[in-house]
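Chemist: The structure's right below; bear with me while I get my questions together.
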Amino acid sequence: MKMAAGVRNRRIDMMRGISITLVLLHHFNIAYLLKDTGLIDLANWSFWRSIFRNGNYAVTMFFTISGYLITSNAEKRWGNLRDVHAITFYRFRAARILPCLVLLLLSVNLLAFSGLRIFQNHSEFGGPVSWWLVDLASLTFWMNVLMGHHGWLNYVLSVQWSLSIEEVFYLTFPILCILCRREGFLLCVWSIAILIGPIWRATHQGSEYLALNSYLSCFDGIAFGCCAAVIRKHVYWAPNTARLVCVAVATLMAWFYLTQWIGHSAVYGVTLMALGTATLLLAQSHLPQRTFRLAAPLRFVGRLSYELYLFHLIVLGALRTIWPPDTVTGNAKLVLLVAYWVLSILLAFAISRFYTEPLNRRLRSGAQAHAQMTS
């Protein structure tokens, strides 16, 4: 059994950094509409709005990157996907996901019980929602289903819809690897998920939840990443070709992101963004790892992307409590944007450095020792 230690990929960290930046900007602009500031006025608002409005496409990029990394890391650890050890796989996923998730739930529960309204549960359709039910849905990965019944029931925990989709997909991952045995069969199964995605979104356009936040509307993004990880071993691009592909695909993705609002383009847009991300991942695997100093901030943010994704709304919720959006105007919003950005990164860094990384290493070392004993 191979259990190779993972080495961080700088380009993938940069892609994650871009994605989480777009998500954070999207959420801030929802709270504090930025079109009346000194730098962003009505004359150039259409350009800036195109950056802020498509945060869900950034989540699609996350899905694809996650599928690629899970599949390629499984190959490194076990040598072949058919040899994936399911229990060890689940323990590795739990070591990465649960410490942060439990800390988030405890934090939000305490803030809610202290009386801060923005952290409390409420149904968009009226009435309270049980904390026991919300915590259970978060821990067992069906928060998106609960949101389908109650709407955006908790401001901070709303990000759990995407984690629910991702982890339910990975519940099937080792089982499929073991049952399919051959990579060709795996590619067929994941291709079915890719085909179902746009069909599902097209037939459920009347519901934002079903069209954008349900399992079958998002599995295709993860499946694209899984397929790219398998395919990369069977193709070879010369470095110059790979660079050209990266530039061309990144340009097309940026054009699509800036010109196509997700509210009108989600049916095929999710597919295109996932395909573009998968192509970038495939191309960058044929390029040498180099250090680009100008991209260092994005790589740093990308390494914190999970902690940032889970905890940035705690910071934004606190800012909204202290400075309600209807009382903030003009350039004061830009000051809050900077504060939000800095505080979110500091919080994510502290959680990663002193909590999740040490606990993750400890839990993974235990899982690895168990795997070696049972192999």
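The values are calculated or read from the model by the stated rules, or taken from the named source; none is laboratory data. The model shown is predicted, which means the values in this text are computed figures rather than measured ones. Positions of Cβ are generated from backbone atoms using ideal geometry, with glycine treated the same way; all protein chains shown enter the neighbour counts.
Chemist: Where residues in segment 126-148 are free of Cβ contacts under 8 Å to residues at least 12 places away in the same chain and in a helix (DSSP H, G or I), which of them is nearest to residue 208 (Cα to Cα)?
Modeler: Ranking the qualifying residues of segment 126-148, first place goes to 136.
Chemist: Tell me yes or no: at least one residue of segment 35-53 is buried (at least 18 other Cβ atoms within 10 Å of the Cβ), out of contact with any helix residue (DSSP H, G or I) (no Cβ under 6 Å at 6 or more places or on another chain) and of a type in the set (Phe, Trp, Tyr).
Modeler: Within segment 35-53, not a single residue is buried (at least 18 other Cβ atoms within 10 Å of the Cβ), out of contact with any helix residue (DSSP H, G or I) (no Cβ under 6 Å at 6 or more places or on another chain) and of a type in the set (Phe, Trp, Tyr).
Chemist: With respect to residue 236, is the statement that it is in a loop (DSSP other than H, G, I, E, B) and of a type in the set (Phe, Trp, Tyr) true?
Modeler: yes
Chemist: In addition: Condition first: in a helix (DSSP H, G or I), free of Cβ contacts under 8 Å to residues at least 60 places away in the same chain and either acidic (Asp, Glu) or more than 30 Å from residue 74 (Cα to Cα) (or both). Now tell me which residues in segment 177-216 satisfy that.
Modeler: 203, 208, 211
Chemist: Within the group 327, 271, 321, 277, which residue is free of Cβ contacts under 8 Å to residues at least 24 places away in the same chain and among the polar types (S, T, N, Q)?
Modeler: Testing whether each residue is free of Cβ contacts under 8 Å to residues at least 24 places away in the same chain and among the polar types (S, T, N, Q) leaves just 327.
Chemist: Can you tell me which residues in segment 59-74 are surrounded by fewer than 20 Cβ atoms within 10 Å (Cβ to Cβ) and either touching a strand residue (DSSP E or B) at 6+ places or on another chain (Cβ under 9 Å) or not polar (S, T, N, Q) (or both)?
Modeler: Answer for segment 59-74, where residues must be surrounded by fewer than 20 Cβ atoms within 10 Å (Cβ to Cβ) and either touching a strand residue (DSSP E or B) at 6+ places or on another chain (Cβ under 9 Å) or not polar (S, T, N, Q) (or both): just 69.
Chemist: Taking helices (runs of 4 or more DSSP H) that fall entirely within segment 1-102, which contain at least 3 residues that are more than 30 Å from residue 331 (Cβ to Cβ)?
Modeler: 10-31, 55-78
Chemist: Given (1) surrounded by 19 or more Cβ atoms within 10 Å (Cβ to Cβ); (2) within 24 Å of the chain's Cα centre (by Cα); (3) under 20 Å from residue 66 (Cα atoms), where does residue 119 come up short, assuming only one miss?
Modeler: So residue 119 meets the others, but not (3).
Chemist: Also, I was wondering about something else. Filter segment 149-159 down to the residues that are in contact (Cβ under 8 Å) with a residue 60 or more places away in the chain and in a loop (DSSP other than H, G, I, E, B) and list them by number.
Modeler: Hits for segment 149-159 are 155, 156.
Chemist: Turning to a different aspect of this structure: Within segment 323-337, can one find any residue that is of a type outside the set (A, V, I, L, M, F, W, C), surrounded by 20 or more Cβ atoms within 10 Å (Cβ to Cβ), assigned to a helix (DSSP H, G or I) and out of contact with any Phe, Trp or Tyr (no Cβ under 8 Å at 6 or more places or on another chain)?
Modeler: no
Conditions (1) modelled with pLDDT of 95 or more; (2) in contact with a Phe, Trp or Tyr (Cβ under 8 Å, 6 or more places away or on another chain), marked per residue:
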site	(1), (2)
217	yes, yes
238	no, no
255	yes, no
268	yes, no
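Chemist: Criterion first (in contact (Cβ under 8 Å) with a residue 24 or more places away in the chain, more than 26 Å from residue 278 (Cβ to Cβ) and out of contact with any strand residue (DSSP E or B) (no Cβ under 8 Å at 6 or more places or on another chain)) does residue 123 satisfy it?
Modeler: yes
Chemist: Scan segment 280-293 and tell me whether some residue there is part of a helix (DSSP H, G or I) and out of contact with any helix residue (DSSP H, G or I) (no Cβ under 9 Å at 6 or more places or on another chain).
Modeler: Scanning segment 280-293, I find at least one residue that is part of a helix (DSSP H, G or I) and out of contact with any helix residue (DSSP H, G or I) (no Cβ under 9 Å at 6 or more places or on another chain), so the answer is yes.
Chemist: Now for a different question. With 302, 263, 317 as the choices, which residue is surrounded by 14 or more Cβ atoms within 10 Å (Cβ to Cβ) and over 23 Å from residue 355 (Cα atoms)?
Modeler: After applying the criteria, what remains is 263.
Chemist: Can I ask one more? For residue 52, indicate whether it is modelled with pLDDT of 90 or more and in contact with a Cys (Cβ under 7 Å, 6 or more places away or on another chain).
Modeler: Taking the combined requirement at face value, the residue does not satisfy it.
Chemist: Pick from 287, 280: which is touching a Pro at 6+ places or on another chain (Cβ under 8 Å) and surrounded by 13 or more Cβ atoms within 10 Å (Cβ to Cβ)?
Modeler: Step by step, each of 287, 280 is checked, and only 287 is touching a Pro at 6+ places or on another chain (Cβ under 8 Å) and surrounded by 13 or more Cβ atoms within 10 Å (Cβ to Cβ).
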